1. What are the ³J(HN,Hα) couplings of region 47-62, residue after residue, when phi is run through the Karplus curve with 6.51, -1.76, 1.60 and θ = phi - 60°? Round to Hz, x for glycine and proline.
2. Quote the relative contact order of region 2-190 in percent (integer), defining contacts as alpha-carbon pairs under 8 Å separated by 6+ residues.
3. What ³J(HN,Hα) values, in whole Hz, does the Karplus curve 6.51 cos²θ - 1.76 cosθ + 1.60 give for region 89-98 when θ = phi - 60°, with x put for Gly and Pro?
4. Roughly speaking, what is the stretch gain from I40 to E153, that is 0.36 nm per residue apart minus the C-alpha to C-alpha distance, in nm to one decimal?
5. So, taking all protein chains as they sit and a 1.4 Å probe, how much accessible area belongs to C117, in Å² rounded to tens?
6. Considering only protein heavy atoms, what is the solvent-accessible area of C41 at a probe of 1.4 Å, reported in Å² to the nearest 10?
7. Find the percent of Cα-Cα distances in region 108-149 that exceed 16 Å, and round it to a whole number.
8. Sorted by accessible area (1.4 Å probe), largest first, how do E107, E70, E49 line up?
Amino acid sequence: MMNKMTVCRVAGLALVVAFAFTAAAFAQDATYVGNSQCKICHNKKEEGEQWTKWKAEAHSQAFAKLSSDEAKAVATKAGVTKPPAEAPECLQCHVTAADPATGKCPEKIQPADGVQCESCHGPASAHTAEGKKFKGGDKTAEPAKKILKSTAETCKKCHNEKNPTAKAGEAFDFDKMWAKINHSNPAKAKK
Ligand code: HEC
Ligand code: HEC
Ligand code: HEC
Ligand code: HEC
């Protein structure tokens, strides 16, 4: 039992490192732009209304939830003395790209937006620039190559045993959890 746990932890760490590398490969110079940018191009009903769906699901409320009585109780139990909405220990998973030491977000990221698009798709300035070229008629532009493909490993950056509300022994079930926030493009699925 102990051994299995240790193996899991080590594998988990390797995956986190692998994720950081994949992100770095395309996003070297990319910076965070904020979800209002994504809304401009990714909110058409026939293409999956990604922004509207995100706004209606739990991730967009992840920061707001830190001000609830439930959050205060979780913090007290975890030995966190600051109010949860100001504590780096909580912000690291409840907002986008928070500095784990200070809890501060990059310039264009509003903490109030909680876990937004770039938490899962990575910093997107290079993608939005390429998307603008594409929309402007440059068919050599390849926006899809400049954005992170999100996988189960992306989710496990936060959905892991360090989450103080996690139920002991409950593994993250990607298929079940993705089904709850699925925002695929139906036009592509038909092809
Ligand atoms: C100026 C328009 C534009 C903006 C702004 C934009 N995108 Fe895109 N995005 C595109 C285009 C064009 C594509 C390629 C066509 C497609 O797959 O829908 C694309 C594709 C994607 C894909 C799918 C990649 C794939 O593998 O098929 C993701 C994910 C994505 N964008 C996320 C984002 C996020 C997150 C933001 C905001 C940070 C954003 N986009 C902002 C135009 C844009
Ligand atoms: C390692 C990442 C991580 C950290 C650190 C973390 N959380 Fe969370 N938190 C999550 C995840 C993931 C969920 C959603 C769990 C689920 O339902 O699958 C969650 C859910 C919650 C919920 C329940 C929200 C609801 O909708 O009812 C509360 C309250 C909460 N967290 C408070 C806190 C507080 C307070 C802290 C700091 C002491 C904290 N969290 C730190 C990842 C984290
Ligand atoms: C940056 C941290 C972070 C990442 C990355 C992340 N989540 Fe979450 N997730 C959270 C937090 C925090 C909550 C709780 C939000 C709340 O209840 O207000 C949550 C809640 C959820 C919920 C709703 C609660 C439930 O149990 O039904 C689902 C579904 C979910 N996440 C799925 C995913 C999936 C799928 C991925 C990967 C594609 C993912 N998450 C990636 C932090 C994250
Ligand atoms: C909790 C993680 C998470 C968040 C938050 C999130 N996405 Fe995604 N997104 C995914 C996953 C997982 C996929 C499926 C794999 C992939 O294509 O990257 C996906 C797919 C997509 C696609 C491709 C759809 C297709 O079928 O071609 C687009 C476009 C997209 N997301 C845009 C957005 C935008 C815009 C936001 C914010 C409004 C957002 N996503 C928020 C995890 C997330």
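The values are calculated or read from the model by the stated rules, or taken from the named source; none is laboratory data. What you see is a predicted model, and the numbers here were worked out from it, not measured in a lab. Methodologically, a virtual Cβ is constructed for each residue, glycine included, from the backbone with ideal geometry; neighbour enumeration extends over all protein chains shown. Heads up: the accessible areas ignore ligands, DNA and RNA and are worked out on the full protein's heavy atoms, side chains in. Shrake-Rupley method; radii C 1.70, N 1.55, O 1.52, S 1.80 Å.
1. Rounded to whole hertz, the list is 10, x, 6, 4, 5, 4, 5, 4, 4, 8, 9, 4, 4, 6, 9, 4.
2. 25 percent
3. 4, 9, 4, 3, 10, 9, 9, 8, 6, 5
4. 37.9 nm
5. Accessible area, nearest 10 Å²: 30 Å².
6. C41 exposes around 50 Å² with every protein chain in place.
7. 41 percent
8. I get E107, E70, E49, largest accessible area first.
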